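Report on the structure given below.
The values are calculated or read from the model by the stated rules, or taken from the named source; none is laboratory data. Computed from a predicted structure; not experimentally measured. A quick note on method: Cβ atoms are made from the backbone with ideal geometry, for glycine too, and the neighbour counts reach across all protein chains shown. For the accessible areas, the whole protein counts, side chains as well, though only heavy atoms, and no ligand, DNA or RNA atoms are used. Shrake-Rupley method; radii C 1.70, N 1.55, O 1.52, S 1.80 Å.
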Amino acid sequence: MTALLEKSSTLHWLGRQLFNRDDPAAFFDPLLERINPMWVQQYTPARVAAIFNETSDTKTFVLAPAGRWKGFEAGQHVNIGVEVDGVRRNRTFSLSSSPLQWRADGKATLTIKRLPGGLVTNWMHDHLEPGAVVGLGEAFGDFRIPDPQEPALYIAGGSGITPVLSQLETMAASGYRAPITLLYYVRTQADVIAAEKLRALAVRWPAFTLKIFTTNESEPQLLCEKHLGDVPGLPARRCYLCGPKGLMDLANDLLYRRGIAEDRVHSTFFSAPAANLDTSTLGGAVRFERSDLDVSSEGDAVLLEIAEAAKLSPRYGCRMGICHQCSCRKTSGTVVNRLTGKASGPGDETIQLCISVPSGPVSIDI
């Protein structure tokens, strides 16, 4: 919970709107958006070129970004911005296509599952149409293809297949020869995302072994010791995990029991895991120095939410502690990392607004 302690003057408000950002060209975005949404400067516009159904609750959106977009590496994420009921919303999704496709035709794909109660995913499924323009952030993330080549095991669940698709297509196209095995867990055969693409890869790419397991059909096939035991040369493989938390926790545990070193297991998350924090020690007075604004907070509200409640508009991206777009300078005070539970030092340092919770008085340079 936050409470505004001191109302800033109209001049301070105007100053925040004009100068608390690194992209002054974006001041003209409201006008540019009316003329041509592909001219907007605050983010990279991307036109929706096509939309395909993958399953009953999953669609692939083909995007054609403006020329200034820098591209991506296989397995990375992007932030997508859409306007829902007059409010701009940002969400993070994995790219599902190969960067080789983007270099060839200027297009990239997002494969997005409709989430029950999900504001943005439901809106995209129900309202986004070819020809529309969305905001596209620069790619980020270190879920990368092995370099140099070495054997790999992928364990994916449901829509966690999306960054894996990007990597598999890239590896196949570049002649990756080390053995690759994918263990893919879905509820039913009807829930296999990119089924034709995966099976085509298995046919034309000799190094690739595809195994699909269904967890909600007559004989549930859950990840187990036997599935890992059937992977040849497992100790020499680099392992990649993406899927629901339960699957990833189980996979990590099974791999640990088999002696796979932690630094050879790579994970990418649907949402960031959070530590259990002692809320009695959290909260306090927050000073936003450049905005000349003082607020108070209670409980485990992160600084990004506190700033937004105070009508500030700091830069942010994934809101998960991954992309670092919300990084800024803390000039004094202590914050607790929402993911790890660790406290910062009391002095000047760079923090991430989206995962930093005040623990006593804090001053922030925004």
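Numbers below:
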| item | result |
| --- | --- |
| Heavy-atom accessible surface of the chain: percent carbon and sulfur, 1.4 Å | 52 |
| Cα-centred dipole magnitude for the chain, charges only on beta-carbon of K, R (+1) and D, E (-1), debye, nearest 20 | 680 |
| Using alpha carbons only: equivalent-ellipsoid semi-axes of segment 279-364, gyration tensor based, whole Å | 16, 15, 12 |
| Computed label-point distance, nm, for sites Ala343 and Val203 using a 7 Å Cα→Cβ extension | 6.2 |
| Translational D in µm²/s for segment 152-267 (Stokes-Einstein at 25 °C, 0.890 mPa s, Kirkwood Rh from C-alpha pairs) | 171 |
| Nearest-0.05 FRET efficiency for Arg315 and Tyr256, computed from C-beta distance (R0 30 Å) | 0.20 |
| Quotient of C-alpha Rg and 2.2 N^0.38 Å, computed over the chain | 1.08 |
| Residues with amide H under 5 Å from that of Ser327, placed H, sequence gap 5 or more | Leu353 |
| Per residue, in Å², the accessible surface of the chain once ligands and nucleic acids are set aside, probe 1.4 Å | 49 |
| Volume in Å³ per residue [convex hull over Cα atoms, computed for segment 84-130] | 96 |
| Pairs from Lys113/Lys311; Lys70/Lys211; Lys113/Lys197 whose Cα-Cα separation, in the structure shown, is over 24 Å | Lys113/Lys311; Lys70/Lys211 |
